[in-house]
1. Taking the simple approach of a point 7 Å from Cα along Cα-to-Cβ for both residue 67 and residue 55, what is their distance in nm?
2. So, counting K/R as plus one and D/E as minus one, what does the shell of residues with Cβ under 15 Å around residue 109 add up to?
3. Once both labels are modelled 7 Å past Cα along the beta-carbon direction, what's the residue 186-residue 48 spacing in nm?
4. Show me, bin by bin at 10 Å from 0, the whole-percent P(r) of segment 52-107 based on Cα pairs.
5. So which lysines pass the test for residue 17, namely a Cα distance under 27 Å, with those fewer than 8 places away in the same chain ruled out?
6. Using a basic spin-label model with each label point 7 Å from the Cα along Cα→Cβ, how many nm lie between residue 141 and residue 198?
7. Of 113, 75, which has the most accessible area with a 1.4 Å probe, and how do the rest follow in descending order?
8. Can you pull out the GluC sites (Glu not before Pro) in segment 24-94 whose DSSP state is coil and whose Cβ has at most 15 other Cβ atoms within 10 Å?
Amino acid sequence: MVSAILREVEPRAALAKMCDAFGHHFEATCLAVPRTARSVSAVLAAPSTVADVSDLAFAIATSASLDDIESDAQKLGVTWIATEAIGGLDEQPLGTLVLLGRSDLRVSDDAMKRAARLCGVVLDRYSGESTLARVAHRLNNALASVMANLDVVAAACDGEDMPSRPPLPSTAVSGVSSRRELGRAASEAVKSARRAAALIHDLVENPEGPAS
């Protein structure tokens with residue numbers, strides 16, 4: 001089921017569809033709150049889920065006061081609450097699965113764990129793609145600066161004019177008229193290369209990316 005969903009839609013939408021399916025199956029509202037969520041807008045749920053329910057799920061996942069949770073749950077007609085940690089394929093914590101029941105039918109612990117595992121497969125991919133997309137963008141910018149400035153250095157060393165190419169990044173030296181400018185171009189290339197190396201190092205040391 002997970003593989004079929006992911007072939008059709010991107011991971012965030014896939015998880016929303018899964019929450020919708022779990023909600024119908026368990027006769028409850030199902031929501032997933034990523035570990036890195038900083039606001040209620042990060043809560044993943046079926047499109048029909050109302051804002052107040054997302055607020056409650058976010059409060060539950062972020063350890064809000066029990067009094068506030070109980071009060072809000074009563075206002076929304078929630079009869080029971082079940083939560084389960086969502087883990088990725090490498091068992092790293094990715095978030096919390098929250099079920100808000102509206103009937104006497106409570107979900108079993110085993111069923112809750114299975115649902116969380118399925119969500120973990122999708123959320124693991126969603127988290128990874130988001131992190132890699134950000135890193136890839138920053139790496140691309142850094143490496144573009146390296147290449148542009150090395151073009152400047154190469155052209156100066158060959159005694160030729162600047163090669164014809166699209167506009168250079170803001171960190172690239174636009175021309176060479178002195179040894180000082182040649183040094184600047186080489187220095188900018190080195191700085192950008194170090195930024196790219198630092199990004200790769202951070203990705204290796206922390207593959208989930210920063211929490212913020």
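1. According to this spin-label approximation, the distance is 1.8 nm.
2. It works out to a net charge of +2.
3. With each label point 7 Å from Cα toward Cβ, the separation is 6.8 nm.
4. Taking all Cα pairs of segment 52-107, the binned fractions are 23, 50, 22, 5 percent.
5. Of all the lysines, those that pass the test against residue 17 - Cα under 27 Å, at least 8 places apart if same chain - are 75, 113.
6. Once both label points are built, they end up 1.3 nm from each other.
7. 75, 113
8. Values: sites: 27, 70, 84, 91; in loops: 27, 91.
Answer by residue number: 27, 91.
The values are calculated or read from the model by the stated rules, or taken from the named source; none is laboratory data. Note that the coordinates shown come from a computational prediction; the quantities given were computed from them, not determined experimentally. Every residue, glycine as well, gets a Cβ built from its backbone with ideal geometry; the counts of neighbours run over all protein chains shown. Surface accessibility is based on the protein's heavy atoms, side chains included, excluding ligands, DNA and RNA. Shrake-Rupley method; radii C 1.70, N 1.55, O 1.52, S 1.80 Å.
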